[in-house]
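The values are calculated or read from the model by the stated rules, or taken from the named source; none is laboratory data. No experiment lies behind these values; they were computed from the predicted model shown. Glycine also receives a Cβ, built like all others from the backbone with ideal geometry; neighbour counts cover every protein chain displayed.
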Amino acid sequence: MKIHVHELNASGVPRTIRETLDVSGLFKGRRDVIEAGPLRVELRAQGVQEGVALVEGGLELDLTMPCSRCLKPVPVHVAVPFREHFIVGGEPQTEEEADSFIPSANNEIDLTPYVEEAVQLELPLVPLCAEDCKGLCPECGKDLNEGECGCDRTPVDPRLAALKDLFPG
Ligand SMILES: [Zn+2]
Ligand SMILES: [Zn+2]
């Protein structure tokens, strides 16, 4: 998924980029992602001045994450707007440019790592199967959404617990 900055400026015609990327490898080894992809990319790239291209549009990804309380698989939909300026060679001319432009040594820029990063930043930190998910019993591991297990889960003051051990029953 590449753009050529000089060609975009020379032609003056914006380019539409519509692609679906396989991102299963991106989340390999991550315990908070069960399954992901594909990543749907819809972008418009245009030259805005010599050596500078603006890429904007949207990214969408469907994935399955474990509920952070009960570990049940939860379908998650992520939609992320994307807007970046890329500047080739040369340095950003103003402070504003330095803050918002991505410098590139090459005229040819692969957008893949940038869209992958943008979507990864938007994954929910605490996915839940339901707002009121009761989670798993810390004592026996039973899914409390399916009913009570009968364990005593009242938090015990650790000092009292120690006394209890000294004077059982
Ligand atoms: Zn849950
Ligand atoms: Zn239990």
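Taking the criterion of being exposed (fewer than 14 other Cβ atoms within 10 Å of the Cβ), within 16 Å of ligand 2 (Cβ to nearest atom), over 30 Å from residue 32 (Cβ atoms) and modelled with pLDDT under 95, would at least one residue in the range 124-145 satisfy it?
Scanning the range 124-145 turns up no residue that is exposed (fewer than 14 other Cβ atoms within 10 Å of the Cβ), within 16 Å of ligand 2 (Cβ to nearest atom), over 30 Å from residue 32 (Cβ atoms) and modelled with pLDDT under 95.
At least 3 residues that are within 23 Å of the chain's Cα centre (by Cα) in each: list the helices (runs of 4 or more DSSP H) lying fully within the range 86-169 that qualify.
Because the criterion is at least 3 residues that are within 23 Å of the chain's Cα centre (by Cα), the helices (runs of 4 or more DSSP H) in the range 86-169 that meet it are 112-120.
Being closer than 29 Å to residue 91 by Cβ, at pLDDT 95 or above and either touching a strand residue (DSSP E or B) at 6+ places or on another chain (Cβ under 6 Å) or aromatic (Phe, Trp, Tyr) (or both) is true for just one of 44, 40. Which residue is that?
Within the list 44, 40, the selection yields 44.
Scan the range 64-79 residue by residue and report those that are more than 16 Å from ligand 1 (Cβ to nearest atom) and either surrounded by 16 or more Cβ atoms within 10 Å (Cβ to Cβ) or of a type in the set (Lys, Arg) (or both).
Answer for the range 64-79, where residues must be more than 16 Å from ligand 1 (Cβ to nearest atom) and either surrounded by 16 or more Cβ atoms within 10 Å (Cβ to Cβ) or of a type in the set (Lys, Arg) (or both): just 78.
Please go through the range 31-55 and give me each residue that is charged (D, E, K, R) and either assigned to a strand (DSSP E or B) or surrounded by fewer than 14 Cβ atoms within 10 Å (Cβ to Cβ) (or both), ordered by number.
31, 35, 40, 42, 44, 50
Identify all residues within the range 15-30 that are under 17 Å from residue 111 (Cβ atoms), without any contact (Cβ under 8 Å) to a residue 60 or more places away in the chain and surrounded by 15 or more Cβ atoms within 10 Å (Cβ to Cβ); write none if there are none.
Across the range 15-30, the qualifying residue is only 15.
Identify, from the list 50, 35, the residue that is modelled with pLDDT under 95, of a type outside the set (A, V, I, L, M) and in contact with a strand residue (DSSP E or B) (Cβ under 8 Å, 6 or more places away or on another chain).
Of 50, 35, the one residue that is modelled with pLDDT under 95, of a type outside the set (A, V, I, L, M) and in contact with a strand residue (DSSP E or B) (Cβ under 8 Å, 6 or more places away or on another chain) is 35.
Assigned by TED's automatic domain parsing to the domain that holds residue 7, under 17 Å from residue 6 (Cα atoms) and away from ligand 2 (no atom under 16 Å from the Cβ), is that true of residue 118?
Here the answer is no, as residue 118 does not meet what is asked.
Being of a type outside the set (Asp, Glu) and surrounded by 13 or more Cβ atoms within 10 Å (Cβ to Cβ): is that true of residue 119 here?
Criteria met by residue 119.
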